């Protein structure tokens, strides 16, 4: 009986104070690798890379959004998307360029944008961006994505402004 009582007591203590492993410190390389993995697995990059006329990625504008002077026809990542509310929606530059990308954002700005759908200046993130997928990520996952993004080559490219359907 005493053994059963002790076992029950250990079980209850385990429920109140669950045994957990201490957090494992990650190296910067591991964090960047995780950020790259998560970023690509939630389809975070394809829309921000314009396409060449043959459909291949334009690596000169990797993650720099739609070209500033998009052609009239082509892949939506290059020429923009059309929705009911928008005549044209263009992918933004998410490179760390401080003038045309997210280079002036902080990690906190990035995390808030992914959780709220608003940029630091209050602009609603583009309607075709799957930012809601990013809401389900943990803070550590978002920090890893941020760590990855800020290591990329800054590319100066200002995509056109979005055009509402009534214009």
So how many residues does region 50-66 have that are crowded, with 21+ Cβ neighbours inside 10 Å and in a loop (DSSP other than H, G, I, E, B)? 5
All but one of (1) under 19 Å from the mean Cα position of the chain (by Cα); (2) free of Cβ contacts under 8 Å to residues at least 24 places away in the same chain hold for residue 58; state the number of the condition that does not hold. (1)
Hey, could you check region 108-135 for residues that are in a loop (DSSP other than H, G, I, E, B) and at pLDDT 85 or above and say which is surrounded by the fewest Cβ atoms within 10 Å (Cβ to Cβ)? 122
Taking region 73-85 and keeping only residues that are closer than 14 Å to residue 160 by Cβ and touching a helix residue (DSSP H, G or I) at 6+ places or on another chain (Cβ under 7 Å), one is left with 77
Test residue 105 against the stated conditions and say whether it is crowded, with 17+ Cβ neighbours inside 10 Å and assigned to a loop (DSSP other than H, G, I, E, B). yes
Assess whether residue 34 counts as being modelled with pLDDT of 85 or more, surrounded by 15 or more Cβ atoms within 10 Å (Cβ to Cβ) and over 30 Å from residue 160 (Cα atoms). yes
Those residues of region 77-95 which are touching a residue at least 24 places away in the same chain (Cβ under 8 Å), surrounded by fewer than 19 Cβ atoms within 10 Å (Cβ to Cβ) and outside any strand (DSSP E or B), in sequence order: 83, 84, 85
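The values are calculated or read from the model by the stated rules, or taken from the named source; none is laboratory data. Everything quoted here is computed from the prediction, not taken from an experiment. In this analysis, Cβ positions are derived from the backbone assuming ideal geometry, glycine residues included, and neighbour counts consider all displayed protein chains.
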